[in-house]
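Novice: Structure provided below as structure tokens; questions to follow.
The values are calculated or read from the model by the stated rules, or taken from the named source; none is laboratory data. Only a predicted model underlies this, so the values are computations on that prediction, with no experimental measurement involved. Here the Cβ is made from the backbone with ideal geometry for all residues, glycine too, and neighbour counts use every protein chain on show.
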Amino acid sequence: ACGGGGGEGQGGGDDAIVLGFSQVGAESGWRTANTESIKNAAKDAGIELKFSDAQQQQENQIQAIRSFIQQGVDVIAFSPVVESGWDTVLAEAKSAGIPVVLTDRAVETDQKDVYETFLGSDFVEEGRKAGQWLVEEYADSEEDVNIVELQGTTGSAPAIDRKEGFTEIISEHDNFEITASQDGDFTRSGGQEVMQAFLSSDDDIDVLYAHNDDMALGAIESIESAGLEPGEDITIISIDGIKDAFQAMADGKINLVVECNPLIGPQLMDLVGKVHAGEEVEERITVEEGVYTQDEAEEELPDRKY
Ligand code: GYE
């Protein structure tokens, strides 16, 4: 970073690494925890953070990345809102000689060496874990199991992969079927609206598979308004593991939560330091995660960090 009386942003002296970070938005509890983790970790690592919120719009992210390039930051990190459409801006960062670290979500690209590493969860595996629990839960039943799916943001890595992993498992069993599937954009209001529409056109829903907790929590409101008992009349599975979802599990309203850990700030700052120093880093770094049921919810609740 250039000198001249202390930079803006958090942390760092004159020789601090300057990191431009483009965040997806503030759409979910997961995202809020992720943002906080990144800001705190930058401060702790003495990294000067330029933080930009894209409000779930790819064009805002592209603009933010271009502005980071113009400002000549040392490293760029971002969590791409959707998978495709990044080739041009990634090439621009590359020709400016600025290393890029992907965090949380992956990109789809044929280009080689346009980013240093990708730190994030294995979303396909999360989908598989959700599917596995479900087929075991219904193992004794020969009857049809009708599933509705609340998808995350269309075109985003977690929406694509969580669908893929889940479908892979349930398609091995003839009696499991996804009868409706729609985008709820990872938000509570999205989950609430789409679930309401599902319920008004279908009175035979056995299971809700929500790609994140916030959509499940929104859907619970619609299920209750329809006079049904969430977790009883409709089995609910969701992904993330935010506190509110653990509370809903302890209350019997969600049946299974597959964990997705947002607290990756410290690991990200570590990678930023290494990449800036020109050290080799692994191309793909995954985050370890668990699965939780209702009997574990109450006990786990006080220990949840997000
Ligand atoms: O599951 C969801 C958020 O990309 C893993 O984005 C993240 C997802 C997370 O909006 O709650």
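Novice: Quick check, is ASP140 more than 12 Å from the ligand (Cβ to nearest atom), more than 18 Å from LEU256 (Cβ to Cβ) and exposed (fewer than 15 other Cβ atoms within 10 Å of the Cβ)? Quick ask: steps written out before the conclusion?
Specialist: Numbers: more than 12 Å from the ligand (Cβ to nearest atom): yes; more than 18 Å from LEU256 (Cβ to Cβ): no; exposed (fewer than 15 other Cβ atoms within 10 Å of the Cβ): yes.
Here the answer is no, as ASP140 does not meet what is asked.
Novice: Further question on the same structure: Scan the range 192-244 residue by residue and report those that are hydroxyl-bearing (Ser, Thr, Tyr) and outside any helix (DSSP H, G or I).
Specialist: Within the range 192-244, TYR209, THR235, SER238 qualify.
Novice: Could you identify the single residue in VAL281, VAL275 that is touching a helix residue (DSSP H, G or I) at 6+ places or on another chain (Cβ under 6 Å) and touching a residue at least 40 places away in the same chain (Cβ under 8 Å)?
Specialist: VAL281
Novice: Just the residues that are away from the ligand (no atom under 15 Å from the Cβ), within 26 Å of ALA77 (Cα to Cα) and assigned to a strand (DSSP E or B), please, taken from the range 259-306.
Specialist: ARG284
Novice: I've got another one for you. Which residues, taken from the range 194-204, are over 13 Å from GLU224 (Cα atoms) and crowded, with 20+ Cβ neighbours inside 10 Å?
Specialist: VAL194, PHE198
Novice: Tell me which of these GLU36 doesn't satisfy, since it passes every other one: (1) surrounded by fewer than 20 Cβ atoms within 10 Å (Cβ to Cβ); (2) on the phi < 0 side of the Ramachandran plot; (3) in a loop (DSSP other than H, G, I, E, B).
Specialist: Unmet condition: (3).
Novice: Looking at the range 148-161, is at least one residue of a type outside the set (Gly, Ala, Ser) and more than 16 Å from the ligand (Cβ to nearest atom)?
Specialist: First pass over the range 148-161, keeping only residues of a type outside the set (Gly, Ala, Ser): 148-151, 153-154, 158, 160-161.
Keeping just the survivors that are more than 16 Å from the ligand (Cβ to nearest atom) gives 148.
Yes: the range 148-161 contains one or more residues that are of a type outside the set (Gly, Ala, Ser) and more than 16 Å from the ligand (Cβ to nearest atom).
Novice: Specify the residue that is modelled with the lowest pLDDT; the eligible residues are those in the range 1-33 that are assigned to a loop (DSSP other than H, G, I, E, B) and closer than 30 Å to ILE242 by Cα.
Specialist: Filtering the range 1-33 down to residues assigned to a loop (DSSP other than H, G, I, E, B) leaves 1-9, 11-17, 24-28.
From the residues that got through so far, the ones that are closer than 30 Å to ILE242 by Cα too are 9, 11, 24-28.
Numbers: GLY9: 50, GLY11: 54, VAL24: 98, GLY25: 98, ALA26: 97, GLU27: 98, SER28: 98.
That would be GLY9.
Let's see how each residue does on (1) within 20 Å of ASP295 (Cα to Cα); (2) within 10 Å of the ligand (Cβ to nearest atom); (3) crowded, with 24+ Cβ neighbours inside 10 Å; (4) not hydrophobic (A, V, I, L, M, F, W, C):
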| site | (1), (2), (3), (4) |
| --- | --- |
| LEU217 | yes, no, yes, no |
| ALA226 | no, no, no, no |
| ILE236 | yes, no, yes, no |
| GLY241 | yes, yes, yes, yes |
| ASP251 | yes, no, no, yes |
| VAL257 | yes, no, yes, no |
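Novice: If you don't mind, another one. Might you let me know whether the range 199-209 holds any residue that is within 20 Å of the chain's Cα centre (by Cα) and in contact (Cβ under 8 Å) with a residue 12 or more places away in the chain?
Specialist: Of all residues in the range 199-209, those within 20 Å of the chain's Cα centre (by Cα) come to 208-209.
Next cut, in contact (Cβ under 8 Å) with a residue 12 or more places away in the chain only: 208-209.
Yes, the range 199-209 contains a residue that is within 20 Å of the chain's Cα centre (by Cα) and in contact (Cβ under 8 Å) with a residue 12 or more places away in the chain.
Novice: Here are some residues: THR88, THR103. Which one is over 14 Å from the mean Cα position of the chain (by Cα), modelled with pLDDT of 95 or more and of a type in the set (S, T, N, Q)?
Specialist: Result of the check over THR88, THR103: THR88.
Novice: Here is a list: PHE186, PHE166. Which entry is assigned to a loop (DSSP other than H, G, I, E, B) and under 24 Å from GLU83 (Cα atoms)?
Specialist: PHE186
Novice: Also, I was wondering about something else. Name the single residue, out of those in the range 46-91 being of a type in the set (Val, Ile, Thr), out of contact with any Lys or Arg (no Cβ under 8 Å at 6 or more places or on another chain) and within 21 Å of GLU27 (Cα to Cα), that is surrounded by the fewest Cβ atoms within 10 Å (Cβ to Cβ).
Specialist: Per the stated criteria, the residue is ILE62.
Novice: Okay, moving on. Working carefully through the options GLU92, GLU108, find the one that is away from the ligand (no atom under 16 Å from the Cβ) and not in a strand (DSSP E or B). Spell out the reasoning first.
Specialist: On the way: GLU108 fails: away from the ligand (no atom under 16 Å from the Cβ).
Being away from the ligand (no atom under 16 Å from the Cβ) and not in a strand (DSSP E or B) holds for just one of GLU92, GLU108, which is GLU92.
Novice: Residue pairs, Cβ under 8 Å, 6 or more apart or interchain, first in the range 173-198 and more than 18 Å from PRO158 (Cβ to Cβ), second among the polar types (S, T, N, Q) and surrounded by fewer than 18 Cβ atoms within 10 Å (Cβ to Cβ). List them.
Specialist: What qualifies is ASN175/SER141; GLU177/ASN146; THR179/ASN146; ALA180/SER201; GLN196/SER225; ALA197/GLN182; PHE198/GLN182.
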